Amino acid sequence: MSGLSLILETARRALQAQQVGLGVTSHNIANATTPGYSRQRAGFVPTEPLAAPYGLLGTGVTVAAVNRMRDQFTDAQVRDVYQSMSRSSMENQLLSQVQSSFNEPSDTALSGSLSKFFNAWQDLSVNPEDSTSRNAVLQRGVLLAQSFHTLSSELTQLRTSLADDAGAKVTKINTLTSELSALDLQITGARALGQEANDAMDQRDEKLKELSGLININVSFDSRGSMTVATGGSVIASGAGSLDLTSSISGNQIVIQTALGGPNLNVTGGELGGVLNTYNTSIPATLAQLDQAASALITRINQLHQSGFGLGTPPPAGNAFFTGAGAADINVSAAIMSNINLIAASSDGTPGNNVNALALAGVENEKLLNGNSLTISGFYNGIVSSLGSAVDSTDNTSKQQQAVLTGLENQQSSVAGVSLDEEMTNMITYQKGYAAAAKLVTAVNAMFDTILQMV
């Protein structure tokens, strides 16, 4: 090919290339607000030159590929921060629910019930044989037990609901890994044909980010662009397929395994990591501390009460005030419930003796917990304070990670985001290039006409 035919072919290639460029620009403009979309660029390269007596003569342009603007290193950082932030945010949400169950400070909360219970014993010491004061001790004891029950029950119910939540998140994870494997197969299949499945790669990146918000993952890519997704040392998604996870209760703990069984996976990140840590660690620790407080109260009150005497001839003695061993089962004994005269306000059974009532009221100030360094109220207040600190800590961590994530996403957007101003400039460039190539075709056509007229 030479002469006018070469020029015409060069013009044709220019028209085709500018048309592809304009098509890519229109695709970018159409997806400017599409979440996860990465702007694309037509990769223009010159075609092979033609040898001529005076040197190599250019033959035009072609589009080698339509490239996706993306930075994998930034993408990996986004996933890492996102999975940490998602865990912190989920833990903050769940611990806030635990904190709201305590309802402190409040007269109706456990701290108020404790104070009113000991105050009732103090009031009884003023008139140890008064039936109204005895009935007040009984009622305050019942309300105190109910406060323990309510708190223990709410925490237990919250923990139970987390098992269902973990199962739902595992189901979502399995759906995502299946979709990721299908997308990866589509991408590698296109590459095998020398094509780039840019939109499919965008979808894969978005699903990888979504997956990182649910569970800690490690993502790697091979030379073909195929991904491998692993968590806890097990590959759960690749072009070869996906491996489902399962959630179950074992030893009063939520455990995550692959569908093939084997060792428990170490889930530390994402929303599932937050759920597991709250279920397996945070709530059980709070319940155990609550049981400690209830047990110390039961033991000490019963110890003093059984050593005292109630009203009667002879005065009854040796009766426990509380039954149970912890927050879930503490109750005023059935005997006391049926007969307030069994309440032991006296230390020796003589009429008007209030020594035991004063001793029972004084339990409020006895250091019975944490190596005899804290009162029951002090120990309980420590539970509430620690919980508040944990809520503040997870909230601060979540906000800090959100700030880092925002910075990374801005960096990501600077590479992958669509700028409408830039696309408008490109559109004009391609339009002018197309018009110039069209004029070249017209010029060559006129030259052909000139030659034909000469003939």
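The values are calculated or read from the model by the stated rules, or taken from the named source; none is laboratory data. The structure displayed is predicted, hence computed values, not measured ones. Here the Cβ is made from the backbone with ideal geometry for all residues, glycine too, and neighbour counts use every protein chain on show.
The table below lists the values:
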item	result
Filtered residue count, the range 219-233, keeping only those that are more than 13 Å from residue 177 (Cα to Cα) and outside any loop (DSSP other than H, G, I, E, B)	2
Lone qualifier among 158, 185 - being in a helix (DSSP H, G or I) and within 18 Å of the chain's Cα centre (by Cα)	158
Residue 163, sole failed condition from (1) in contact with a strand residue (DSSP E or B) (Cβ under 7 Å, 6 or more places away or on another chain); (2) farther than 30 Å from residue 108 by Cα; (3) among the aliphatic types (A, V, I, L, M)	(2)
Subset of the range 130-144 that is over 43 Å from the mean Cα position of the chain (by Cα) and of a type in the set (Val, Ile, Thr) - its residue that is surrounded by the most Cβ atoms within 10 Å (Cβ to Cβ)	137
Tally, over the range 1-35, of residues that are outside any helix (DSSP H, G or I) and modelled with pLDDT of 90 or more	5
Yes/no for residue 76 being more than 18 Å from residue 16 (Cα to Cα) and among the aliphatic types (A, V, I, L, M)	yes
Set 385, 346: member being polar (S, T, N, Q) and touching a Leu at 6+ places or on another chain (Cβ under 9 Å)	346
Residues (of a type in the set (A, V, I, L, M, F, W, C), free of Cβ contacts under 8 Å to residues at least 40 places away in the same chain and farther than 30 Å from residue 283 by Cβ) located in the range 220-253	235
Pairs where the first residue, in the range 156-171, is on the phi < 0 side of the Ramachandran plot and the second is exposed (fewer than 14 other Cβ atoms within 10 Å of the Cβ) and not in a helix (DSSP H, G or I), C-beta under 9 Å, 6+ apart	163/249
Unique residue being touching a helix residue (DSSP H, G or I) at 6+ places or on another chain (Cβ under 8 Å), without any contact (Cβ under 8 Å) to a residue 40 or more places away in the chain and in a helix (DSSP H, G or I) when the list is 143, 151, 138	143
Members of the range 100-120 found to be free of Cβ contacts under 8 Å to residues at least 60 places away in the same chain, outside any helix (DSSP H, G or I), surrounded by 15 or more Cβ atoms within 10 Å (Cβ to Cβ) and not small (Gly, Ala, Ser), listed by number	103
Index of the failed condition, residue 39 passing every other in (1) buried (at least 17 other Cβ atoms within 10 Å of the Cβ); (2) basic (Lys, Arg); (3) more than 20 Å from residue 418 (Cβ to Cβ)	(3)
Residue in the range 403-419 that is in a helix (DSSP H, G or I) and in contact with a Leu (Cβ under 8 Å, 6 or more places away or on another chain) present	no
Sole residue being touching a Phe, Trp or Tyr at 6+ places or on another chain (Cβ under 7 Å), more than 30 Å from residue 205 (Cβ to Cβ) and hydrophobic (A, V, I, L, M, F, W, C), chosen from 390, 357	357
Qualifying residue in the range 326-334 (condition: β-branched (Val, Ile, Thr) and crowded, with 19+ Cβ neighbours inside 10 Å)	yes
Condition check for residue 67: among the polar types (S, T, N, Q), surrounded by fewer than 17 Cβ atoms within 10 Å (Cβ to Cβ), touching a residue at least 40 places away in the same chain (Cβ under 8 Å) and part of a strand (DSSP E or B)	yes
Answer residue from the range 234-257, given it is out of contact with any strand residue (DSSP E or B) (no Cβ under 7 Å at 6 or more places or on another chain) and in a strand (DSSP E or B) and is nearest to residue 180 (Cα to Cα) among those	241
Subset of the range 192-220 [more than 25 Å from the chain's Cα centre (by Cα) and surrounded by fewer than 16 Cβ atoms within 10 Å (Cβ to Cβ)]	192, 193, 194, 195
All positions within the range 384-433 that are surrounded by fewer than 15 Cβ atoms within 10 Å (Cβ to Cβ) and of a type in the set (Ser, Thr, Tyr)	385, 386, 389, 393, 406, 413, 414, 419, 425, 429
Residue that is nearest to residue 35 (Cα to Cα), among those in the range 200-218 that are assigned to a helix (DSSP H, G or I) and touching a Lys or Arg at 6+ places or on another chain (Cβ under 8 Å)	202
